1. Please give the strands (runs of 3 or more DSSP E) falling wholly within region 27-118 in which 3 or more residues are modelled with pLDDT of 90 or more and within 12 Å of the chain's Cα centre (by Cα).
2. Here's a check for you: in region 78-100, which residue that is in contact (Cβ under 8 Å) with a residue 40 or more places away in the chain and touching a Lys or Arg at 6+ places or on another chain (Cβ under 7 Å) is surrounded by the most Cβ atoms within 10 Å (Cβ to Cβ)?
3. Taking the conditions exactly as written (in contact with a helix residue (DSSP H, G or I) (Cβ under 9 Å, 6 or more places away or on another chain) and either surrounded by 15 or more Cβ atoms within 10 Å (Cβ to Cβ) or under 17 Å from CYS133 (Cα atoms) (or both)), does LEU43 satisfy them or not?
4. TYR157 - would you say it is under 18 Å from GLY68 (Cα atoms), modelled with pLDDT of 90 or more and surrounded by 13 or more Cβ atoms within 10 Å (Cβ to Cβ)?
Amino acid sequence: MKYKTFLLHGIITFVCCLFLTQHIKAQGNKKSIHFTSINSVGLLNGQISSTFAMQTINGISYKKTSIGLGVGIDNYGYRTIPVFVDLRKSFGNNEIKPLVFADFGIGYPIKTDNSPEQWSSEFSNTITKNSFCGEWGVGIEKAIGSSSFFVTASYSYKKYAYTHNIYWAYGPSGTNQARQDYHYNRIALRMGYRF
């Protein structure tokens, strides 16, 4: 159910950005606001390991500032699908420009072989939680026609949480609950293409 929810939100936001872009173009402001797509691959490095990550961000751009909705794959620790808002700004008019960005959103847990046991019976169950994720950093981008290639370095944070409930059928009645929270602090190195 939660996967359908974030997919639906992503589709609605993407369609709204497309309609907004078309509306602005119809009014004659073709050069001021336009659709932008930012696609990247990268490496997340922290105390646990180094893992591959990728993301795509789609939204609108005005002059040197953009805002968009992003989705990715984050394999660090327990696997999640982050869905986030991206704010990005580049500086200067040179072919190679510095940029800053910030992302914040929610990580949706994905079941894998190393996920906490998520089984239910009449005596226990495990529930994973959608949790906060964020990233902020700096980089450079090189213009290639109307598109650009970029490289970024950033601090990345992800929380992963689950609760395991055990219901006692014999002996003292009641429920034991164990909550586990993981806080992942990483350095993210990414490169990608923006058009």
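1. Working: elements: 33-45, 50-62, 65-74, 80-90, 96-109.
Output list reads 50-62, 65-74, 80-90, 96-109.
2. The initial filter retains those residues of region 78-100 that are in contact (Cβ under 8 Å) with a residue 40 or more places away in the chain, namely 78, 80-84, 86, 88, 90, 95-99.
Adding the requirement that they be touching a Lys or Arg at 6+ places or on another chain (Cβ under 7 Å) leaves 80, 90, 95-96, 99.
Details: THR80: 24, SER90: 22, GLU95: 10, ILE96: 11, LEU99: 21.
The extreme case among them is THR80.
3. Details: in contact with a helix residue (DSSP H, G or I) (Cβ under 9 Å, 6 or more places away or on another chain): no; either surrounded by 15 or more Cβ atoms within 10 Å (Cβ to Cβ) or under 17 Å from CYS133 (Cα atoms) (or both): yes.
Taking the combined requirement at face value, the residue does not satisfy it.
4. It is false that TYR157 is under 18 Å from GLY68 (Cα atoms), modelled with pLDDT of 90 or more and surrounded by 13 or more Cβ atoms within 10 Å (Cβ to Cβ).
The values are calculated or read from the model by the stated rules, or taken from the named source; none is laboratory data. Since we're looking at a predicted model, the values are computed, not measured. All Cβ positions, even for glycine, are placed from backbone atoms using ideal geometry, and neighbour counts span all protein chains on display.
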